[in-house]
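Structure, as structure tokens:
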Amino acid sequence: MGYWNSRGLRGAGLEELVNYTNEEYRSKGLGVIQKIPTPITPVKIDSENSRITLAYFEKQSTVDYIGAVQGIPVCFDAKETQGNNLPFHNIHDHQVKFMSDFEKQRGIAFFLVYFRDKDKYFYLPMEDFLPYWERRSSGGRKSVPYEAFKENLEINCRGGLLDYLEALNTYMVYRQ
């Protein structure tokens, strides 16, 4: 089983931004998207600070977020990366399978990706992600290069709001 430690909060800045955005979307009636917590069993607790310092994951997680946007089921994972690609080392087979199965049920599955070095956010639909994922098993690259991220699916971040619904809408129009 996997263990959680202080590295477990990597990407917390992006997560906070997405959580705030989801609260705003809900308050405006645009969608209901919830963070899916990963169940953990504490092993060590710092009783002085009431903090879990070591725990193991009870089961594999699926995605970070799931919900509905104006009647359309959506699920997504938020990823933060430094450099010029989205590496696959913290994307797991069971997550990709869940997202693919979700789309087979007429839902929309995607990744929200933040490139820290470039300070840019992108919407990455499964149909753009999957060819890279499938090629990795036959010796292909083990990441999605920055160049593969579409300019028209860049997400604006203004006023503390990561407006990914704008990119989702652009994708939906393109998809039809």
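Of all the numbered requirements in (1) surrounded by fewer than 18 Cβ atoms within 10 Å (Cβ to Cβ); (2) within 25 Å of R175 (Cβ to Cβ); (3) modelled with pLDDT of 95 or more, G71 misses one, and that requirement is (3).
Search the stretch 1-44 for residues being modelled with pLDDT of 80 or more and in a strand (DSSP E or B), and hand back the single one that is least open to solvent (accessible area, probe 1.4 Å). Per the criteria, the residue is I33.
Check the stretch 105-118 and report whether any residue there is without any contact (Cβ under 8 Å) to a residue 60 or more places away in the chain, under 25 Å from R175 (Cβ atoms) and open to solvent by 20 Å² or more (accessible area, probe 1.4 Å).
Kept after step one, since they are without any contact (Cβ under 8 Å) to a residue 60 or more places away in the chain, are these residues of the stretch 105-118: 105-107, 109, 111, 113, 115-118.
Of the ones still in play, those that are also under 25 Å from R175 (Cβ atoms) are 105-107, 109, 111, 113, 115.
Those still in the list that are open to solvent by 20 Å² or more (accessible area, probe 1.4 Å) too: 105-106.
Looking through the stretch 105-118, at least one residue is without any contact (Cβ under 8 Å) to a residue 60 or more places away in the chain, under 25 Å from R175 (Cβ atoms) and open to solvent by 20 Å² or more (accessible area, probe 1.4 Å).
Of all residues in the stretch 77-100, those satisfying the criterion of being open to solvent by less than 20 Å² (accessible area, probe 1.4 Å) and part of a helix (DSSP H, G or I) are Q95, V96, M99. If you check R106, R141 for being assigned to a loop (DSSP other than H, G, I, E, B), over 14 Å from the mean Cα position of the chain (by Cα) and under 27 Å from R26 (Cβ atoms), only one passes: R106.
Looking across the stretch 133-169, the residues that are among the hydroxyl-bearing types (S, T, Y) and touching a residue at least 24 places away in the same chain (Cβ under 8 Å) come down to S143, Y146, Y164.
The values are calculated or read from the model by the stated rules, or taken from the named source; none is laboratory data. Keep in mind that what you see is a predicted model, and the values were worked out from it rather than measured. Note that each Cβ is placed from the backbone with ideal geometry, even for glycine, and that neighbours are counted across all protein chains shown. Just so you know, the surface numbers come from the protein's heavy atoms only, side chains and all, with ligands and any DNA or RNA stripped out. Shrake-Rupley method; radii C 1.70, N 1.55, O 1.52, S 1.80 Å.
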